[in-house]
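Engineer: I have a structure I would like to understand better, so I am pasting it below and will then ask my questions one at a time.
The values are calculated or read from the model by the stated rules, or taken from the named source; none is laboratory data. In this text the structure is predicted, and so the values were computed from the model without any measurement. Neighbour counts are summed over all protein chains in view; Cβ atoms, including those assigned to glycine, are modelled from backbone coordinates with ideal geometry. For accessibility, only protein heavy atoms count, side chains too; no ligands or nucleic acids. Shrake-Rupley method; radii C 1.70, N 1.55, O 1.52, S 1.80 Å.
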Amino acid sequence: MTTQQKRKFFRDVNRYVWDDPFLFKIGGHQIMRRCVMKEEDWDILKHVHEGLTGGHHDAHGTTQKVFDSGFYWPTVIKDAEEFVKLCDACQRTCNISSKNEMPPNPIKILEIFDVWGIDFMGPFPTSNGNKYILVAIDYVSKSVEA
């Protein structure tokens, strides 16, 4: 190892505790989490994501549940993102929640001549002594009167 790698190793070694047969990592607020081997990580992700208390959370929520369960491995965030991308149930629902739904609006029933628009246009060159045109439009039937 290079000198820089040795320094990093001895600096990081203080964050780990060996209690035979497990290795624990000391995190923030002195919380100890059991280090997991690569073979176990997918089973843990499946349990916290799809289990009874899982609820198919997003990658951040799944990662947080792994940490709350007391486990740790170096690629937990990347693995949780990949696991959620591969979760069939999450991909089918696309994580639709109530904030994605359109608010219900009542359908208004309109009759002909219920909604009008009136425009006053001009001045134009004089024709038969008139310079202006009054245009009335019925928005329901699209009929126009000038």
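Engineer: Can you give the charge dipole size of the range 7-115 about its Cα centre, rounded to the nearest 20 debye, using +1 on the beta carbon of Lys and Arg and -1 on the beta carbon of Asp and Glu? Mind dumping the intermediate values first?
Structural biologist: Working: 15 positive and 17 negative charges, 131 e Å.
It comes to approximately 640 debye.
Engineer: Carbon and sulfur together cover what percent of the accessible area of the range 1-142 at a 1.4 Å probe radius? Display every interim value, and only then the final one.
Structural biologist: Numbers: 6690 of 11550 Å².
C and S atoms contribute 58 percent here.
Engineer: Next question. For n ≥ 4 DSSP H runs only, could you compute -39500 (n - 2.57) per run for the chain, divide by its residues and tell me the 222 nm figure to the nearest 500?
Structural biologist: Details: 5 runs with 50 residues, N = 146.
Dividing the helical sum by the residues of the chain leaves -10000 deg cm²/dmol.
Engineer: Continuing with this model, one more query. List the aspartates and glutamates whose alpha-carbon lies under 12 Å from that of LYS25, not counting same-chain residues fewer than 8 positions away?
Structural biologist: Correct list for LYS25: ASP12.
Engineer: For Cα Rg over 2.2 N^0.38 Å, several values are listed as (1) 2.31; (2) 0.96; (3) 1.49; flag the one computed from this structure.
Structural biologist: Matching entry in (1) 2.31; (2) 0.96; (3) 1.49: (1).
Engineer: Taking the Cα centroid of the range 109-137 and of the range 1-46, what is the distance between the two, rounded to the nearest whole Å?
Structural biologist: The range 109-137 and the range 1-46 have Cα centres spaced 79 Å from each other.
Engineer: Ordered by residue, what ³J(HN,Hα) values in Hz, to whole numbers, does the range 126-137 give under the Karplus form 6.51 cos²θ - 1.76 cosθ + 1.60, where θ = phi - 60° and Gly and Pro are x?
Structural biologist: Computed from phi, the couplings for the range 126-137 are 4, 9, 6, x, 10, 10, 10, 10, 9, 10, 10, 10 Hz.
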